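Here is the structure we will look at.
The values are calculated or read from the model by the stated rules, or taken from the named source; none is laboratory data. Everything numeric in this text was worked out from a predicted model, so none of it was measured. Neighbour counts are summed over all protein chains in view; Cβ atoms, including those assigned to glycine, are modelled from backbone coordinates with ideal geometry. For accessibility, only protein heavy atoms count, side chains too; no ligands or nucleic acids. Shrake-Rupley method; radii C 1.70, N 1.55, O 1.52, S 1.80 Å.
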Amino acid sequence: MARSATTIRRSTVTLPVAALGPENPLPPLLPRDDPHRVDARLRATLPPDMARQVGYAPLTSVLPTRLRDGYGRDRVMTELDTIVIENDRLRATVLPGFGGRVHSLHHKPTGRDLLYTNPVLQPADFALNGAWFSGGIEWNIGATGHTTLSCAPVHAAVLPAPGGGPLLRLWEWERLRDLPFQVDLWLPDGSDFLYVGVRLRNPHDATVPVYWWSNIAVPETPRGRVLVPAEEAWHFGYERSLSRITFPEWRGADRSYPLHGAFPADYFYEVPREARKWIAAVDEEGNGLVQTSTATLRGRKLFVWGAGPGGRRWQRWLTEDGTPGYAEIQAGLARTQLEHVPLAAGGEVSWLEAYGPIEADPSVTHGEDWAAARSHAEKRLAAALPEATVDAAYGEWLPFADHEPGEVLHAGTGWGALEVARGGYALPGTPFEPATLGPEQRPWLTLLDTGRLPEDGGALERPPGPSLVSPAWRERLECAPGGPHTDYHLGVAQWHAGDRAQARRSWERSLGAAFSPWTARCLALAEAWGGHPRRAVERALEAAKRALATEGVAPEALAALARDVIPVLLDADRADLARRVFDRLPASVRATGRFRLLDARILLALGDKEAARAVFDAGFEVADLREGDETLSDTWGRLTDDPLPEAYEFRMRPA
């Protein structure tokens, strides 16, 4: 056999990076504000199959993951580990420490970068659990939104590819749905296309909801256009409306051009079932990137930031001034990202994707005849990569999906190894080795082995470690001997399961055995959520006083606690108590943008508009401002009728 020209190697890339910082150490009990949900009345107007999947198994929280909100906006040059897969035509650079994202895809013959490659790594609050960054190709698994693995490590190894040469396998355990998945990347000799085989498996004895969207960032240019085999789309705006529209012409503008709109929006295309599945983004010269797949990956989408001030502000927020913007073309398992798809017990779903360059006649791709433009692009794709070739490549890859990895290039987390130890799953091709188990998993391994969760004497200076909330772990906690930590974690699991009364009882038992501000905080949120503001205030004050009086509590733990209890106090009209808690926080915490905004809200609640306005006038940046969060503009609107300053303009819908 001739030696393959394709290589896979470790490397690095140096970028200005805002460090992720520590995880939020407190369990995220409450639903995060999800701008992508629609209400029951709107669901009733959708096609029956879509309506079922839109209402199927939405998240109630992002447990068992923890929030990533410890980052700021100060960037320093940082060397990041990469894995490079390369042949004589393409070079793909992968970030194994950040969800296995394809950071860049360079086409050597033309010298073009096919993806939007962000020149910085700036986390922002777009992932389901917080930190996310823009650019490249992201593998979104779990639930509606950007994956909790956006800024997490994945396992990576090399093994033989179909037809010879090397294949890069990425795999991890997705914790929201408790599913293993793999992403296999390879470059056939002489190919202009990166092949990607994806497999999701359900090792459980019950049906589970699955979600997948491959998210591809492409350069946004003044005359850039997105082409897709569809004449209709579902438009989703941040006013939480989902409506079927004609495409590309809608409301007086051609929406296939990402800048032909004022506000951020999603366009989920109605691609006919019999049509080839593809989507392309081309510049004014007709050149760009095309993605295609086997038919299982049926959905296609365009996300645009729009040309309005909010979208432009977000574009700059995610990179640095003077950098061109981007749009996202995506491919998923369902028609829209609001849907989750059932995967039967013991079942799996897999498909093949291909990414490569497209070169088309700009007079056609930018012509007024939409049918001609997309037909021309599809013909160019067919000439470069026939549909039959993609289908054949999928058939050739599938037997390789079970092959065991060879040389390990990167290690992910130990959560998969813990689940395999608990469930005894056989998962050919994606080993979760005991050697990956770490300090976060070891208490749970002890529970698994001995039936008892370790207690550490009820220490107050640090919150308990991560909680596990699946039915299998909840059952083990229920059978374990009680104790402060055991009952704390049991309460978290019960709360996640919707058993709110039992969760409160477990937390009360935990507090009775050993008072902890972290358990009191859980009860404060539970009482507030249950509509008991007086009891919520009592618990919030208990939590804050004890944490602030305890030596050795890390600033990030105090910040996490205060972020939860101060809004509880404000919602109960106890701004005076919120003021006391705020003023006792460390200066380093109070100086952050998130707490400058809280300071303004407290001052406003106390009736001191002048001081609150002074906070805004002095300037601050909320590094972890949530996608769709309107707290900044709402607070400003309560202060003054003056126009919202550009620095605070992040609105994603009409005011």
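Close amide H pairs (under 5 Å, H built 1.01 Å from N) link GLU359 with no residue at least 5 positions away or on another chain. Counting lysine pairs in the chain that sit 8 or more residues apart in sequence, or on different chains, and whose Cα atoms lie under 28 Å apart gives 7. Counting only protein heavy atoms and a 1.4 Å probe, the chain has 38 square angstrom of accessible area per residue. Expressed as a whole percent, the accessible surface of the range 363-448 that belongs to carbon and sulfur atoms is 56, based on a 1.4 Å probe.
By the Cα gyration tensor, the range 533-655 has an equivalent ellipsoid whose semi-axes, rounded to whole angstrom, run 26, 16, 13 from largest to smallest. Residue-normalised convex hull volume from the C-alpha trace of the range 372-468: 204 Å³ per residue. Sites count as exposed loop sites when they are trypsin sites (Lys or Arg not before Pro), lie in a DSSP loop, and have at most 11 other Cβ atoms within 10 angstrom; the longest stretch of the chain without one is 274-655. For the range 91-143 versus the range 548-583, the inter-centroid distance based on Cα atoms is 36 Å. How far is helix 517-529 tilted, in degrees, relative to the longest principal axis of the Cα atoms in the chain, given as a value from 0 to 90 rounded to the nearest 10? On a 0 to 90 degree scale, this one is about 80.
Relative to the first principal axis of the alpha-carbon coordinates of the chain, what is the inclination of helix 484-496, with its axis defined by its Cα atoms, in degrees from 0 to 90 and to the nearest 10? With rounding to tens, the tilt is 50 degrees. For HIS155, HIS260, HIS366, the ranking by accessible surface with the largest value first comes to HIS260, HIS366, HIS155, using a 1.4 Å probe.
When shorter helices are ignored and each DSSP H run of at least 4 residues is given -39500 (n - 2.57), the per-residue value for the chain at 222 nm works out to -9000 deg cm²/dmol. Per-residue surface analysis assigns ASP449 an accessible area of about 110 Å², computed on protein heavy atoms at 1.4 Å probe radius. In terms of overall dimensions, the C-alpha atoms belonging to the range 1-133 reach 58, 39, 28 Å along their principal axes, ordered largest to smallest.
For the range 85-218, the ratio of Cα radius of gyration to the globular rule of thumb 2.2 N^0.38 Å stands at 1.08. Take the Cα radius of gyration of the range 1-40 and divide it by 2.2 N^0.38 Å, N being the number of residues; the result is 2.46. Take every Cα pair under 8 Å whose residues are at least 6 apart in sequence, average their separation, divide by the length of the chain, and the relative contact order is 13 percent.
Computed over the alpha-carbon atoms, the range 492-600 gives an Rg to Rh ratio of 0.97, Rh here being the Kirkwood radius from the mean inverse distance. Extents of the chain, largest first, come to 70, 63, 51 Å (Cα atoms, principal axes, whole angstrom).
Just to compare against my own numbers: the Cα pair-distance distribution for the range 224-348, 5 Å bins, whole % per bin, please. Taking every Cα pair in the range 224-348, the percentages come to 2, 10, 19, 22, 20, 14, 8, 4, 2, 0.
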